[in-house]
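Engineer: The structure that follows is given in the form of structure tokens.
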Amino acid sequence: MRKFAVLAAGCSALAVLVGLGAGRAWFSLPSGKIDAARASATSDELVTGTIASRWPVPGGAPQSAAPAPAILPARATTDSPMSAKPTALPAPAPAPAPAPARQTCSNPNALGISRTVEIDTTGGPGLGMSQYRDYDFLQPGEVALTFDDGPWPVNTPAVLAALAAQCVKAVFFPIGKHASWHPAILKQVIAAGHTVGSHTWSHANLASKPFAEAKSEIEKGISGVVLAAGQPTAPFFRFPQLRQTPELKAYLGERNIAAFSIDVDSEDFRIHKPDQLVAGVMAKLKKAGKGILLLHDFQKSTAQALPELLAQLKDGGYKIVFITAKDKVTTLPEYDAQVAPAQPTASAAKPIAKVIRTVD
Ligand SMILES: [Zn+2]
């Protein structure tokens, strides 16, 4: 498909890094540059929820009404660091994670967090109106920041710095492999008090995989992120490219994991000029009025653009909503074992003097 071919050019770095292979985009929302005929419709699709009807989601109609409200009242404080709880991780146990810092905002003019919501993920609610329409929990002017595909050197720390400077927090959806490569950066994300979910092990398009393989991608992603984090993370999950199947969404429900879609796509996988990125996001937000905003801490341009984006959000009167989870995710031992570092095998070597001696 043409859109894949074009998008892959912008995503090749990650495609190589996480093993997607050539020709697959990491995020495949069509853009104006890709299909002019659809360009004007893209934003509408994202904010009106028609996207689910167009994407290859077998039977992928909006999820049926969930039994109970999943959005709980905000906590008393906007500073909601995750508490460290013991978890069943494969030996050797990871080093103790740093205690989440309870930051105080030193910037009197910061954007700040307007309110914090807590999600009860029992039954696996879907959030983000482009695909799930049960929980329209954001008020006009409210924005929830989300960052996918990290953790990544330089870019993720820069995103953290920009968020800290404006005293705001976000939800991160790390890739399991990336977390395994850069656990210290993921720990920085957690230490700063952000919410951390997961985004598969290798950013595969799960809709194109057999169920067992897709399930493994989900579970290894969770296990990898939890192992790297050194503590349980949030039961939040985002499908790569937002491509789900009813079976996988139901599986998340069985696991009591919330599925996160989006309301506003920054398209930062293809827009690499920070000023254009900021202008595009602000224009889409103006049209949508509110929403869960998709960004990528993997992207250098996103890290560069974030200070200005946050400044413009404040100037525009937008309010930041921080999304947290009522419970922690549980990992499955089978998949913990698969992502655990290989244990060094005991050496069968004899003492060196029994093998090698100087004879001359
Ligand atoms: Zn992604």
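The values are calculated or read from the model by the stated rules, or taken from the named source; none is laboratory data. Here the structure is a predicted model, which means the values were calculated and not measured. Reconstructed Cβ throughout: ideal geometry from the backbone, glycine too, with neighbour counts over all protein chains shown. Heads up: the accessible areas ignore ligands, DNA and RNA and are worked out on the full protein's heavy atoms, side chains in. Shrake-Rupley method; radii C 1.70, N 1.55, O 1.52, S 1.80 Å.
Engineer: Say whether the condition of being among the hydrophobic types (A, V, I, L, M, F, W, C) and either closer than 25 Å to TYR135 by Cβ or touching a residue at least 24 places away in the same chain (Cβ under 8 Å) (or both) is met by at least one residue in segment 349-359.
Structural biologist: The answer is no; no qualifying residue exists.
Engineer: Still on this model: PRO153 passes all but one of (1) closer than 20 Å to ILE320 by Cα; (2) away from the ligand (no atom under 15 Å from the Cβ); (3) out of contact with any helix residue (DSSP H, G or I) (no Cβ under 6 Å at 6 or more places or on another chain); which number fails?
Structural biologist: With respect to (1) closer than 20 Å to ILE320 by Cα; (2) away from the ligand (no atom under 15 Å from the Cβ); (3) out of contact with any helix residue (DSSP H, G or I) (no Cβ under 6 Å at 6 or more places or on another chain), PRO153 is out only on (1).
Engineer: Right, another one. Taking the stated definitions as given, is ALA158 away from the ligand (no atom under 13 Å from the Cβ), surrounded by fewer than 22 Cβ atoms within 10 Å (Cβ to Cβ) and under 23 Å from PRO341 (Cβ atoms)? Spell out how you get there, then give the answer.
Structural biologist: Working: away from the ligand (no atom under 13 Å from the Cβ): yes; surrounded by fewer than 22 Cβ atoms within 10 Å (Cβ to Cβ): yes; under 23 Å from PRO341 (Cβ atoms): no.
No: the conditions fail for ALA158.
Engineer: Between ALA234, ALA228, ALA259, ALA204, which is surrounded by 22 or more Cβ atoms within 10 Å (Cβ to Cβ), of a type in the set (A, V, I, L, M), more than 16 Å from the ligand (Cβ to nearest atom) and not in a helix (DSSP H, G or I)? Reasoning before the result, please.
Structural biologist: Working: ALA228 fails: not in a helix (DSSP H, G or I); ALA259 fails: more than 16 Å from the ligand (Cβ to nearest atom); ALA204 fails: more than 16 Å from the ligand (Cβ to nearest atom).
On inspection, the qualifying residue turns out to be ALA234.
Engineer: Of everything in segment 172-193 that's within 15 Å of the ligand (Cβ to nearest atom) and surrounded by 24 or more Cβ atoms within 10 Å (Cβ to Cβ), which residue is farthest from ASN109 (Cα to Cα)?
Structural biologist: Across segment 172-193, the extreme among qualifying residues is GLY176.
Engineer: Out of the strands (runs of 3 or more DSSP E) lying entirely within segment 103-186, which hold 1 or more residues that are over 23 Å from LEU248 (Cα atoms)? If you could, list the steps in order and put the result at the bottom.
Structural biologist: Values: elements: 113-119, 142-148, 171-173.
Once the strands (runs of 3 or more DSSP E) in segment 103-186 are filtered for at least 1 residues that are over 23 Å from LEU248 (Cα atoms), what remains is 113-119, 142-148.
Engineer: OK, next. Name the single residue that is surrounded by the most Cβ atoms within 10 Å (Cβ to Cβ) among those in segment 237-256 being more than 16 Å from the ligand (Cβ to nearest atom) and of a type in the set (S, T, N, Q).
Structural biologist: Checking each candidate, the answer is THR245.
Engineer: Also: In segment 262-279, which residues are surrounded by 19 or more Cβ atoms within 10 Å (Cβ to Cβ) and assigned to a helix (DSSP H, G or I)?
Structural biologist: Correct list: PRO274, LEU277, VAL278.
Engineer: From the list GLY141, GLY128, GLY124, pick out the single residue that is open to solvent by 10 Å² or more (accessible area, probe 1.4 Å) and on the phi > 0 side of the Ramachandran plot.
Structural biologist: One residue alone meets the criteria, GLY141.
Engineer: Sticking with this one: Mind checking which residues of segment 275-296 are out of contact with any Leu (no Cβ under 8 Å at 6 or more places or on another chain) and closer than 20 Å to PRO240 by Cα?
Structural biologist: So the first thing to find is which residues in segment 275-296 are out of contact with any Leu (no Cβ under 8 Å at 6 or more places or on another chain), and the list is 275-276, 279-280, 283, 286-287, 289, 294, 296.
LEU294, HIS296 - these are the residues of segment 275-296 that are out of contact with any Leu (no Cβ under 8 Å at 6 or more places or on another chain) and closer than 20 Å to PRO240 by Cα.
Engineer: Same structure again: Hey, among the residues in segment 207-225 that are in contact (Cβ under 8 Å) with a residue 40 or more places away in the chain and within 30 Å of THR116 (Cα to Cα), which one's most open to solvent (accessible area, probe 1.4 Å)?
Structural biologist: So, considering only residues that are in contact (Cβ under 8 Å) with a residue 40 or more places away in the chain and within 30 Å of THR116 (Cα to Cα), the one most open to solvent (accessible area, probe 1.4 Å) is LYS220.
Engineer: Tell me, please, whether a residue that is within 16 Å of the ligand (Cβ to nearest atom) and touching a helix residue (DSSP H, G or I) at 6+ places or on another chain (Cβ under 8 Å) can be found in segment 108-129.
Structural biologist: Scanning segment 108-129, I find no residue that is within 16 Å of the ligand (Cβ to nearest atom) and touching a helix residue (DSSP H, G or I) at 6+ places or on another chain (Cβ under 8 Å), so the answer is no.
Engineer: Of everything in segment 130-150, what is within 16 Å of the ligand (Cβ to nearest atom) and hydroxyl-bearing (Ser, Thr, Tyr)? Give them in sequence order.
Structural biologist: Within segment 130-150, SER130, THR146 qualify.
Engineer: A further question follows. Using the structure shown, decide if ALA346 is over 22 Å from ARG238 (Cβ atoms), among the aliphatic types (A, V, I, L, M) and either touching a Cys at 6+ places or on another chain (Cβ under 9 Å) or at pLDDT 95 or above (or both).
Structural biologist: So ALA346 does not fit the description; no.
Engineer: Still on this structure, please answer the following. Residues in segment 273-288: is at least one within 17 Å of the chain's Cα centre (by Cα) and closer than 29 Å to ASP136 by Cβ?
Structural biologist: The answer is no, given that none of the residues of segment 273-288 is within 17 Å of the chain's Cα centre (by Cα) and closer than 29 Å to ASP136 by Cβ.
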